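No lab work stands behind these numbers, since they all come straight from the coordinates. Remember, predicted model here, so these are calculated numbers, not experimental data. Glycine gets a Cβ as well: all are built from the backbone with ideal geometry, and neighbour counts include every protein chain shown.
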């Protein structure tokens, strides 16, 4: 099985990782790809393994399950709400007491 060159958006689906992760790997040189100039700017093309003909399942299995993703997003929303309530009351979440550096990082991630 050989490799083919696909747009970055398709490589995200084929490899099952985020666009940001692919861009980091391209910048680090751990993933092969080329940047092509277009009238709208530069566009990345990534070298990925060629899926055998009729093997659509190989791509689908690496695509995140929408149901699981929605469940994780709902849980994240509940946790953010709970964290907001704790912070509004001036309380520190239990995890902040066991891992002191975690709360500032969470604030930068979610409230920056």
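Using a Förster radius of 25 Å, what is the FRET efficiency between residue 88 and residue 108 based on their Cβ-Cβ separation? Nearest 0.05, please. Present the calculation step by step, with values, prior to reporting the outcome.
Details: r = 19 Å, r/R0 = 0.76.
Here the calculated transfer efficiency is 0.85.
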Sorted on mean Cβ neighbours within 10 Å (highest first), peptides 15-21, 41-47 come out as 41-47, 15-21
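Quick one: 105, 5, fewest Cβ neighbours within 10 Å first, how do they rank?
Working: 105 10, 5 14.
So the ranking, lowest neighbour count to highest, is 105, 5.
How far, in nm, would the chain grow between residue 21 and residue 3 when pulled straight, counting 0.36 nm per residue and subtracting the alpha carbon separation?
Working: separation 18, 0.36 × 18 = 6.48 nm, distance 1.97 nm.
Extra length from residue 21 to residue 3 when fully extended: 4.5 nm.
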Difference of contour (0.36 nm per residue) and Cα-Cα distance, residue 70 to residue 37:
8.3 nm
